[in-house]
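Below you'll find the structure I mean.
The values are calculated or read from the model by the stated rules, or taken from the named source; none is laboratory data. All of these numbers come straight from a predicted model, not from anything done at the bench. Positions of Cβ are backbone-derived with ideal geometry, glycine not excepted, and every protein chain shown enters the neighbour counts. Surface areas here come from the heavy atoms of the whole protein model, side chains and all, with no ligands, DNA or RNA. Shrake-Rupley method; radii C 1.70, N 1.55, O 1.52, S 1.80 Å.
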Amino acid sequence: MKEIRLTLAGAALNQTPLDWDNNLQNIKDAITEAITHDVDILLLPELSITGYGCEDLFLSPWLGEEAFQKLLQIKDWCAGITVCVGIHIWIDKQVYNTACVIRNQEIVGFTAKQFLAKDGIHYEPRWFTEWPANQVGEFEILGQKYKIGDLIYEEQGVKFAFEICEDAWRPNRPAERHMAKGVQLILNPSASHFALSKTDVRYRLVVEASKKYQCTYLYANLLGNEAGKVIYDGEVLIAQNGRVIKRNDLLCFKNVDMEVAEVTFTDTPVSEEVIHYLPPIDENKELMAALSLGLFDYMRKSYSRGFVLSLSGGADSSLCAVAVAEMVRRGIESLGVLGFVGKTKMFTLKDAAYFDTLSKEQVTRELVSRLLTCAYQGTINSSDDTYTSAKELANSIGAVFYSWTIDEQVKGYTSIIEGAIDRPLTWAEDDITLQNIQARVRAPAIWMLANIKSALLLATSNRSEAAVGYATMDGDTAGSISPIAGIDKAFVRQFLVWCERELGYEGLQYVNRLQPTAELRPAKEAQTDEKDLMPYEVLNQIERLAFYDRYSPNEVYNKLLEAGIADTDTIKLWVQKFYTLWSRNQWKRERFAPSFHLDDYSLDPRSWLRFPILSGSFRDELKQLEQE
């Protein structure tokens, strides 16, 4: 083969399940942009016509029919270009996850995914059927026959084939077979969810494959908060023979983010190239980028008009407030003031013109004041320190701030029950009851604010609290979205220090000096979270060993013992408390507000970790541990 040059492009798309207008417009914009750059092959993400997160609707035949009609529309936009777009296909009551190749307004064929993602948050085998390696079939729809299967395509003399997302993560990946067939270009349309540092693994996967298989590798991922819980980083990578040619900035606020590169293909063997890996990932930067984009897409796709937050002055609610402020700052940075304002669909042309006259700092504060309303709801057990923390943080970022007390409401409910049971409630006898009523009484008023403003109420629970049920249902768990429920408390605390120092959120100095406390008991008891539970670092270790590494209680105990984190009796006490509280509180985890998937695992029973609401509570296992 003589030297051939192809212009390749990958486009990350911010799609939404069943939002045909949005999805098709993004696809059309990507094709139009690619044509202006004289692109030969454009790769779009996995299942980008329907959106990846349609879940059980993939089992509805009508959705497949509707998607195919949209594919025929897309086909007509592809004059003079080859476009690869993700779509599911029904054949004999089986559903296949495919990449369709369209060349110059003609459908050439469909490559079907061979390995389905079935771990962690993924349930693809529930909807789709795996396609066997090396098999090619045919199906008919609307009177037209099409090829489907493990196909090899050709563009101007260059053979290309696919690995669809999970295909590339398996040892016997399709690329192993493609090279023997003379394939020089591998395309990977993906819906690879965000998790801390995952981009590093994905980057290595792509770059090392391009070296091992002496090929060019083009990768395009989905972008943004597609369906509510899962965030996609929109990574686009073009690599050849172990060398990265193009890589985009991740987690941007655009609808379409494209990378274009001209690549030379030749039969001449390439000399050994040194693979240049990414520098270490800064997980703090990465997390803030994901949080802010996740909140922005959740807000605009739910047609909400901002956020309301019960700002306690503690770490969790403070992080939620800063995440909204960063959503505004990063959104303006990515889209410009008018682009950001227009995308929210909340403001008038007069508003937009006004915002455009302000400085960057002024417009950020002004938009935060329009998009975030906070309220401090104090009780007799609240301290001046947390009030100051809440007020100063809200003021520093420009959020609307209210403050009121709820003691009369607490007293009202308490007196009702005291009259009903004919005895006074006391801290000695009714500790949990008296703590919970304070948290629950805060919910109605803050919900009222959210309703008045047509805004989303932010729940503030973190992953460590979810593990042991250290939260009041219908109190601090109340909300439309729980953005930090996928992050552990130890990470939250160091993250806030980073936000103060590196991002300049000086209003966090107050919360960063405080010891985490629920402030639900009388002040003389000096209540703290870790006194109620255990050190957060230990709680997180137990949680990860138990449900990510899947060790038994006894194995968890031995791992902690080997690490020398405390004496034998203390470790036993911590392990017993963790498993007891874990088992008792599955019902709470079932009822948490939707949360973002941010780490390599989560406790969300609707996506990552299922556990029975009723169980034996590890009684025998903990009894054996006691006998050790």
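With respect to residue 275, determine if the residue is assigned to a loop (DSSP other than H, G, I, E, B) and either in contact (Cβ under 8 Å) with a residue 12 or more places away in the chain or in contact with a helix residue (DSSP H, G or I) (Cβ under 8 Å, 6 or more places away or on another chain) (or both). It would help to see each step written out before you state the result.
Details: assigned to a loop (DSSP other than H, G, I, E, B): yes; either in contact (Cβ under 8 Å) with a residue 12 or more places away in the chain or in contact with a helix residue (DSSP H, G or I) (Cβ under 8 Å, 6 or more places away or on another chain) (or both): yes.
Here the answer is yes, as residue 275 does meet what is asked.
List pairs: first residue in the stretch 560-579 and closer than 24 Å to residue 466 by Cα, second residue surrounded by fewer than 13 Cβ atoms within 10 Å (Cβ to Cβ) and modelled with pLDDT under 95 anywhere in the structure, Cβ distance under 9 angstrom, at least six positions apart or on different chains.
Listed by first residue and then by second, the contacts come to 572/626; 572/628; 576/626.
Right, here's the next one. Residue by residue through the stretch 536-571, note down the ones that are open to solvent by 50 Å² or more (accessible area, probe 1.4 Å) and among the polar types (S, T, N, Q).
Step one: of the stretch 536-571, the residues open to solvent by 50 Å² or more (accessible area, probe 1.4 Å) are 537, 541, 544, 548-551, 555, 558-559, 561-565, 567-569.
Residues satisfying the conditions are 541, 558, 568.
Can you name the residue in the stretch 516-563 that is in a helix (DSSP H, G or I) and among the hydroxyl-bearing types (Ser, Thr, Tyr) and is also farthest from residue 381 (Cα to Cα) among such residues? Steps first, please.
As a first pass, look at the stretch 516-563 and keep what is in a helix (DSSP H, G or I): 523-525, 529-532, 536-547, 553-563.
Retained after the next criterion (residues that are among the hydroxyl-bearing types (Ser, Thr, Tyr)): 536, 557.
Values: 536: 23, 557: 36 Å.
Within the stretch 516-563, the match that is farthest from residue 381 (Cα to Cα) is 557.
If you check 566, 593, which single one turns out to be under 30 Å from residue 227 (Cβ atoms), part of a loop (DSSP other than H, G, I, E, B) and among the small types (Gly, Ala, Ser)?
Working: 566 fails: under 30 Å from residue 227 (Cβ atoms).
Among 566, 593, only 593 is under 30 Å from residue 227 (Cβ atoms), part of a loop (DSSP other than H, G, I, E, B) and among the small types (Gly, Ala, Ser).
Yes/no per residue for (1) among the aromatic types (Phe, Trp, Tyr); (2) open to solvent by 20 Å² or more (accessible area, probe 1.4 Å):
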residue: 123; (1), (2): yes, yes
residue: 129; (1), (2): no, yes
residue: 153; (1), (2): yes, no
residue: 156; (1), (2): no, yes
residue: 162; (1), (2): yes, no
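Could you tell me which residue of the stretch 420-436 is farthest from residue 497 (Cα to Cα), considering only residues that are of a type outside the set (A, V, I, L, M, F, W, C) and open to solvent by 60 Å² or more (accessible area, probe 1.4 Å)? Talk me through it step by step, then tell me what you get.
At the first step, the residues of the stretch 420-436 found to be of a type outside the set (A, V, I, L, M, F, W, C) are 422-424, 426, 429-431, 433, 435-436.
In the following step, the residues that additionally are open to solvent by 60 Å² or more (accessible area, probe 1.4 Å) were identified as 422-424, 429, 433.
Values: 422: 49, 423: 46, 424: 43, 429: 38, 433: 34 Å.
In this case the residue turns out to be 422.
Which members of the stretch 176-206 meet the condition of being open to solvent by 10 Å² or more (accessible area, probe 1.4 Å), hydrophobic (A, V, I, L, M, F, W, C) and assigned to a helix (DSSP H, G or I)? Explain how you work it out, then say what you get.
Just the residues of the stretch 176-206 that are open to solvent by 10 Å² or more (accessible area, probe 1.4 Å), to begin with: 176-177, 179-182, 184, 193, 196-198, 200-201, 203-205.
Retained after the next criterion (residues that are hydrophobic (A, V, I, L, M, F, W, C)): 179-180, 196, 201, 205.
179, 180, 201, 205, listed by residue number.
Can you tell me how many residues within the stretch 207-243 are of a type in the set (D, E, K, R), in a helix (DSSP H, G or I) and open to solvent by less than 10 Å² (accessible area, probe 1.4 Å)?
0
Related question: Just give me the residues in the stretch 1-40 being more than 17 Å from residue 87 (Cβ to Cβ) and assigned to a strand (DSSP E or B), in sequence order.
The answer is 4, 5, 6, 7, 8, 9, 10, 12.
Quick grid of which residues meet (1) closer than 24 Å to residue 298 by Cβ; (2) open to solvent by 40 Å² or more (accessible area, probe 1.4 Å); (3) among the small types (Gly, Ala, Ser); (4) at pLDDT 95 or above:
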{"position": "349", "(1), (2), (3), (4)": "no, yes, no, no"}
{"position": "357", "(1), (2), (3), (4)": "no, yes, no, no"}
{"position": "362", "(1), (2), (3), (4)": "no, yes, no, yes"}
{"position": "367", "(1), (2), (3), (4)": "yes, no, no, yes"}
{"position": "375", "(1), (2), (3), (4)": "yes, no, yes, yes"}
{"position": "398", "(1), (2), (3), (4)": "yes, no, yes, yes"}
{"position": "405", "(1), (2), (3), (4)": "no, yes, no, yes"}
{"position": "415", "(1), (2), (3), (4)": "no, yes, yes, yes"}
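Given the options 187, 196, name the one that is among the hydrophobic types (A, V, I, L, M, F, W, C) and within 20 Å of residue 116 (Cα to Cα). Even if it seems obvious, please write down each step before you answer.
Details: 196 fails: within 20 Å of residue 116 (Cα to Cα).
Exactly one residue qualifies, and that residue is 187.
In the stretch 43-65, which residue that is of a type in the set (A, V, I, L, M) and part of a helix (DSSP H, G or I) is least open to solvent (accessible area, probe 1.4 Å)? Can you show your working first?
Restricting attention to the stretch 43-65, the residues satisfying the condition of being of a type in the set (A, V, I, L, M) are 43-44, 47, 49, 57, 59, 63.
In the following step, the residues that additionally are part of a helix (DSSP H, G or I) were identified as 57, 59, 63.
Numbers: 57: 55, 59: 78, 63: 0 Å².
Going through the qualifying residues, I end up with 63.
Here's something else I'd like to know. Would you confirm, using the coordinates I've provided, whether residue 496 is within 16 Å of residue 284 (Cα to Cα) and open to solvent by 50 Å² or more (accessible area, probe 1.4 Å)?
Numbers: within 16 Å of residue 284 (Cα to Cα): yes; open to solvent by 50 Å² or more (accessible area, probe 1.4 Å): no.
Against the criterion (within 16 Å of residue 284 (Cα to Cα) and open to solvent by 50 Å² or more (accessible area, probe 1.4 Å)), residue 496 does not qualify.
Is it true that residue 182 is within 29 Å of residue 595 (Cα to Cα) and in contact (Cβ under 8 Å) with a residue 12 or more places away in the chain? Outline the logic, then answer.
On the way: within 29 Å of residue 595 (Cα to Cα): no; in contact (Cβ under 8 Å) with a residue 12 or more places away in the chain: yes.
It is false that residue 182 is within 29 Å of residue 595 (Cα to Cα) and in contact (Cβ under 8 Å) with a residue 12 or more places away in the chain.
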